[in-house]
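The values are calculated or read from the model by the stated rules, or taken from the named source; none is laboratory data. This one's a predicted model, so the numbers in the text were calculated from it and none came from an experiment. Neighbour counts are summed over all protein chains in view; Cβ atoms, including those assigned to glycine, are modelled from backbone coordinates with ideal geometry.
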Amino acid sequence: MEFTLKSLIFYGFALLTVTSGIVVVTVRNIVHAAFSLMVTLFGVAGLYVFLQADFLAATQVIVYVGGILVLILFGVMMTSDRLEMRIHIERGQLLLGGTIALALLMLLLTIIAKTPQWKNIVDEGEQLQPTTERIGNLILNGQFLLPFEVVSVLLLVALIGAALISRKEVRD
Amino acid sequence: MVIPLISLILLCPLAAFAVFGLMSLARRSVPRQDYLSTAAMLIALVCSLLLLQHVVPNPSPHTVEWIAIGNVSFSMGFYLDSVTAIMLIVVTLVSSLVHIFSMGYMHGDPRYPRFFAFLSLFSFSMLFLVVSDNLLGIYIGWELVGLCSYLLIGFWFEKDSAANACKKAFLTTRVGDVGMFIGMMMLFTKFDTLALYGEEGIFAQAAGLNTGDMVWLSIAGVLIFCGAIGKSAQVPLHTWLPDAMEGPTPVSALIHAATMVAAGVYLTARMFPILTETSSLAIAYIGGITALVAATIAIVRFDIKRVLAYSTISQLGYMMLGIGVGSYVAGLFHLTTHAFFKALLFLGSGSVIHAFHAMHAHNHDEHDAHEHAHAGADGHEHTHEHGDSELAHAHGSEIPPDQDMRNMGGLRHKMPITFATMLIATLSISGVPVLFSGFWSKDAILGGVLERAMEWNSVHHYLLFGIALFAAGITAFYMFRLIFMTFFGEPRNQEMHDMAHESPKVMTVPLLVLAVLSFPIVNKLWFNDAYVTPPKQPHVHAPAHAGLQSVPTRDGIARLQNTQDSKGTFSLFGVSEALADEKTAVEDGAHDTHADEGHHGHSPAHNIAMVLSIIVAGLGILLSWLFYHKRTLSAASVATTFRPLYNIFWNKYYFDEFYNGVLVALTVWKARLFAQFDGSVVDGIVNGVGRVTRDGLAAFTGAFDNRVVDGIVNRVAQVTWAIGGRIRRIQTGAIQTYLLVVLAGIVALILIFRAL
Amino acid sequence: MSLQNYLVISAILFTLGIFAVLTRRNAISILMGIELILNSCNLNFAAFSRFVTPPENIDGQIIAIFGIVLAAAEAAVFLAIILAIYREFGSIRPNEVDTLKG
């Protein structure tokens, strides 16, 4: 394994992602957790870049960081008073959940390690074309037009539904 | 010709009634029901007279099969012999006259058309009874006349006394009818038929019975006679007839004097061929006792209609006595003559009552037809006020004033026609010799009794003769008492007397016709001793009294007498030539007949009887004259002297008291007993069963249900509930736990499949 | 920078998300866990698109984009539900919302 700058940066991103992810699931303060999640999302966006998915990385930053995370923070603000900022964790639950999660991780890692097709596939480092144009063609002219429309309707429905659910009930 | 004539006789009155019935159903009234019914009866009368020519000896019945049930079949049919023909004439003649009389008597009654419709129905029933050739038909007619009697006695049902009287009449005759029905059933089980005539008929079969069956046949005969006891008002079922006088007087004349009550006599005469010696004696005794008892009661009555009612009972007793001693012809002859003079007496009394009714009308208004009608109704109200049931009467209380002989007297000038006709009838019933029909018929019976007594040398029959003779004297006494009290002497009630008047022609004409019929010569036109031949009775001469060897001798005498009789006393009064011819034929046909009843005159018994009866009748009339006209003897003082006897007569031998006190009380007591039995035992059993069911069975099954069945169900439910209670803890509602389990499952599955 | 590197990172993120969903007693924390899981999925799509399919084929990336859109919709609905629950129960602790408890 050679340590190039590129690989260093990659590992840095990987480390950042995992670490901040651990912080997200362990930190007691929910606002801290939210900000830590933002770091994780950034890390993932960086990993996308390494995967030559530039459009995806951009979308990740815009949607997640700019949209979802803000949404989460608003949720925190509206539902949690100051006392509730601390996330409640039970010891028994923590033990069980940890065991299960750990077992799952072990399994996944075992599978990843033992699956022969996935071995030794490395990044040759060839430079690919920017994906934005191709994605745009695929979505708007090609095979993904229908899923795109369906998803846009779904999004609309979800937004209307969310507005309906979250508004204060007016009884007459 | 026979069948059409009989059909016409039956159909005319039935049609008259049917018209009324149909119109009533249509809620319309027939404008002239009286004319309709009377015309129907007159047609029937003409047919009956025409039918007289068609009578042949030993006729065969005209039958058709009516119902067949399995092997048993019932036939309906007509039988026309001399007895039927005579009865037809009597019924139609009296009925016609009563119809005519009723037009005057019932005028203006609110139910005037109905009255005539009922009369028509009655006439039909009676005629049907007479012409039937089988016991079933007779029984149907029998019950129908009973129904009509009920309807007509209760014609003025607004009066309690009338309503009670009709019920009493119906129920009392029912007692006899039950006996009659049992008797019919006995005959039916034995002979398998109810037909009387023909080869398979009851009479033909009964003649073939041997002496061993006589006890059985006697019982059947007496049971059938029970029907006659009820219908003909014989002791002890006679109490209904005096009460039946609550009905309109024409009804009393037609039904309760002339025809229906004679149906019992007719039935007995019809059943003559099966009457054994024992049953004959029983009938004779019943008849004799009835004659005496009723006559003695009649002495002390003041109600003019009741006197006649008891007189009727008494005379019916005579007829029964005549038939009971084998004087078949005499019995029927007396029936015929009695029908006319008793109808005459009743109609005459009706005329008198009508005269007093009219008095009330005078008090109110002019004497026009309409008011006359009103008088009728008013008079009935009056009756209602005073005349309550017979029981009240018995205790010396109210008699309707227009029927009370103590209010009458001296009426002979006011009502000459009524007086004259009633006098003729009275002379007839009293047995005044030679001129009057009652003498001949009654004397025939007395002679028959004495003859039988002398022949058989039987104490029974001598006793019966004594009774009958005594009753004959009493009859003469009380009948003249009636005449004297009503028509002679000074008026006792001046106000009523002043108002009395002769009845209108429509009422007096029937009286005159009936008066003519009370002369024997008229009767002889259709009634003749030779014309009516007594049928043979089974084994009457077999046992005890007379030796078998006497039979041929008697037969010889009989034949001898028969030949003599053609010039004898009876025949003096006109045997028509045609009938005389028939007589020979009859005698040929009836060779075996050993009965010569009805032929009186030359036999010593008849001579003795005739003399004695004349003496007794004369004595009775003399005493009556002394008591009630001349008043040399005081009835009151005699009554005081013989107080106990007087009380017995006055209270009518306490029959009503006995029935009320014993039978009714017994019935009530029995009913109470049964009610108690019902209440305690039956209800007890039912309640007990109920209690056992409820407390025992139901409680057990209930407990089983509760403990076992419900227990199982509940146990299952509890177990399920308990399991559910434990298992539901799995459902924590915490989604994280669920997810935990799901993931654990996934991990487990992956591990398992990898291991595989 | 082999495929396995990405897969390991993705697996770790996924496990972390699961862990958060299982243990955190706060609905918003759970939402964060879910976002982690979704990110790991998207990362997997992108990685397989890069390494397994031919380079010209970028279907995996497009699916990942759809996944992001779904995540956005999901987050919106999720938060709306959380708000409603908060109004109803006065709490967003999932173990306290146990109306369906047997």
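Could you please let me know if C:Glu56 is surrounded by fewer than 18 Cβ atoms within 10 Å (Cβ to Cβ) and of a type in the set (Asp, Glu)?
Details: surrounded by fewer than 18 Cβ atoms within 10 Å (Cβ to Cβ): yes; of a type in the set (Asp, Glu): yes.
Spelling it out, C:Glu56 is indeed surrounded by fewer than 18 Cβ atoms within 10 Å (Cβ to Cβ) and of a type in the set (Asp, Glu).
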Quick check on my filter: what residues within the range A:86-124 are farther than 30 Å from C:Ala72 by Cβ, of a type outside the set (A, V, I, L, M) and not in a helix (DSSP H, G or I)?
A:Glu90, A:Thr115, A:Lys119, A:Asn120, A:Glu124
I need a count of the residues in the range B:22-49 that are surrounded by fewer than 14 Cβ atoms within 10 Å (Cβ to Cβ) and assigned to a helix (DSSP H, G or I).
2
List pairs: first in the range B:714-735 and closer than 26 Å to C:Ala20 by Cα, second in a loop (DSSP other than H, G, I, E, B), Cβ under 6 Å, 6+ apart or cross-chain?
B:Gln731/C:Gly102; B:Thr732/C:Lys101; B:Gly733/C:Asp98; B:Gly733/C:Leu100; B:Gly733/C:Lys101; B:Ala734/C:Asn95; B:Ala734/C:Asp98; B:Ile735/C:Pro94
Where residues in the range B:722-746 are within 25 Å of C:Arg93 (Cβ to Cβ) and charged (D, E, K, R), which of them is nearest to the other protein chains (Cβ to nearest Cβ)?
B:Arg728
Give, as residue ranges, the helices (runs of 4 or more DSSP H) completely inside the range B:234-336 that count at least 1 residues that are within 21 Å of B:Val449 (Cβ to Cβ) and aromatic (Phe, Trp, Tyr).
B:260-270, B:277-299, B:304-324
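Residue by residue, here is whether (1) modelled with pLDDT of 50 or more; (2) buried (at least 18 other Cβ atoms within 10 Å of the Cβ) holds:
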position	(1), (2)
B:Glu381	no, no
B:Glu390	no, yes
B:His395	no, no
B:Gln403	yes, yes
Scanning for something under 20 Å from B:Gly620 (Cα atoms) and part of a helix (DSSP H, G or I), does the range B:489-501 turn up at least one residue?
no
Looking at (1) under 18 Å from A:Phe148 (Cβ atoms); (2) surrounded by fewer than 20 Cβ atoms within 10 Å (Cβ to Cβ); (3) modelled with pLDDT of 90 or more, find the lone condition where C:Ala64 falls short.
(2)
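Within the range C:34-53, is there a residue that is β-branched (Val, Ile, Thr), within 12 Å of the chain's Cα centre (by Cα) and part of a helix (DSSP H, G or I)?
Let us first name the residues in the range C:34-53 that are β-branched (Val, Ile, Thr), namely C:34, C:37, C:52-53.
Of the ones still in play, those that are also within 12 Å of the chain's Cα centre (by Cα) are C:34, C:37.
In the following step, the residues that additionally are part of a helix (DSSP H, G or I) were identified as C:34, C:37.
Yes, the range C:34-53 has at least one match.
Would you point out which residue out of B:Tyr478, B:Tyr462 is without any contact (Cβ under 8 Å) to a residue 24 or more places away in the chain, of a type in the set (Phe, Trp, Tyr), in a helix (DSSP H, G or I) and out of contact with any Phe, Trp or Tyr (no Cβ under 6 Å at 6 or more places or on another chain)?
Within the list B:Tyr478, B:Tyr462, the selection yields B:Tyr462.
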For B:Arg694, are the conditions met, namely being of a type outside the set (Ser, Thr, Tyr), surrounded by 11 or more Cβ atoms within 10 Å (Cβ to Cβ) and in a helix (DSSP H, G or I)?
yes
When B:Asp133 is evaluated against the numbered criteria (1) touching a residue at least 60 places away in the same chain (Cβ under 8 Å); (2) more than 28 Å from B:His54 (Cβ to Cβ), which criterion, by number, is the only one it fails?
(2)
Given (1) out of contact with any Pro (no Cβ under 7 Å at 6 or more places or on another chain); (2) not in a helix (DSSP H, G or I), number of the condition C:Ile82 does not satisfy
(2)
Residues C:Phe51, C:Phe45, C:Phe78, C:Phe19: which one is within 11 Å of chain B (Cβ to nearest Cβ) and crowded, with 19+ Cβ neighbours inside 10 Å?
C:Phe19
Test A:Val70 against the criterion of being touching a residue at least 24 places away in the same chain (Cβ under 8 Å) and more than 9 Å from chain C (Cβ to nearest Cβ), and give yes or no.
no
Which one of the conditions (1) within 14 Å of chain B (Cβ to nearest Cβ); (2) crowded, with 18+ Cβ neighbours inside 10 Å does C:Thr99 fail to meet, given that it meets all the rest?
(2)
With criteria (1) facing another protein chain (nearest Cβ under 7 Å); (2) more than 17 Å from A:Leu71 (Cα to Cα); (3) among the β-branched types (Val, Ile, Thr), A:Val23 comes up short on (1)
Checking B:Asn210 against (1) polar (S, T, N, Q); (2) surrounded by fewer than 24 Cβ atoms within 10 Å (Cβ to Cβ); (3) farther than 30 Å from B:Lys536 by Cβ, the condition it does not meet
(3)
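Looking at A:Ala101, A:Ala53, A:Ala33, A:Ala45, can you tell me which residue is facing another protein chain (nearest Cβ under 9 Å), crowded, with 20+ Cβ neighbours inside 10 Å, out of contact with any strand residue (DSSP E or B) (no Cβ under 9 Å at 6 or more places or on another chain) and within 27 Å of A:Arg134 (Cβ to Cβ)?
Being facing another protein chain (nearest Cβ under 9 Å), crowded, with 20+ Cβ neighbours inside 10 Å, out of contact with any strand residue (DSSP E or B) (no Cβ under 9 Å at 6 or more places or on another chain) and within 27 Å of A:Arg134 (Cβ to Cβ) holds for just one of A:Ala101, A:Ala53, A:Ala33, A:Ala45, which is A:Ala53.
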